[in-house]
Amino acid sequence: MGAAADPNGCIVVNEVTDADRAGERPFSEALLGTRLSVVGAGVSWEVVWLLDGVPGWFWLTRGELESVLPTVLAPASAVADVDQELVGYGMVTLYATAEDSAHAVEDVERLLEEDPALAAWDGAVDERAETRRAQVFYAALDVLFSGVGIVAAAVGLASAFNTSAASVLLRSHDFAVLRSVGMGERALRRMLAYECVRMAAWGLALGLAAALAFDLWLYAQGGISVRSFGFVVPWAHVAGAVALVALVLLASCAYALRRLRSVPLLDALRAD
């Protein structure tokens, strides 16, 4: 982009990456040709290019570039004698591809050990192997969290079924009295449905509130290190929870109705 050809040139990433002002682009092309300096470092560069965002090839991520001010990219030769605390990060990275990445990394490491002139290099990283390890790790996390979620859902649904059915069966005397004074089958089913819906709605509301609070807590904890993730409500999971509770509601209503029908009217009144 011209900065490499000019030892006194620099590139400005014209994007604010701070969480409160993300996406702002404070500079116009009028900045081109002006000079920037680092206070106390005694160096300055001419702005030769503006980038509208962090380039995809750049080795630092948005989170690592987080700053209220835009980032300035300057040649390593221009900051060789400057205090690193004043200019921030500095690194030279070479990227290469190989069919056998593990073997290539071993070759590079051996060359770095054998040649004293290369002693300043930190070493080689097998990105392909790192990616595979990350995929295995996240797959294991996915299985773990999915298993915990399935178990928690099963326990919750069983509790919803038992609570809903028990709330109806414990009031069998009330329903027996209502049937004795002429309540029809249709009205009985409607009352049972209202009773089960009331219990299921309370349980669903409390469960969704607890899940949202836990999700907010995870977001707050992860926001310390993973700033590029925004808070997202998993609407698909919410819809799935509502659908499962609806199925349990139907099952509990059918079970309670069958149990009430199996108890003779006079026996229910006599048992009370």
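What follows draws every value from the coordinates through simple rules; no lab data is involved. These numbers were taken from a predicted model, which means no experiment stands behind them.
Work out, step by step, the length gained on full extension between GLU99 and LEU244: first 0.36 nm times the residue separation, then minus their alpha carbon distance; give nm to one decimal.
Taking 0.36 nm per residue and subtracting the Cα distance, the gain is 47.4 nm.
Given the stretch 153-253, what whole percent of its Cα pairs are spread farther than 18 Å?
Numbers: 2911 of 5050 pairs.
Tail of the P(r) past 18 Å holds 58 percent of the pairs.
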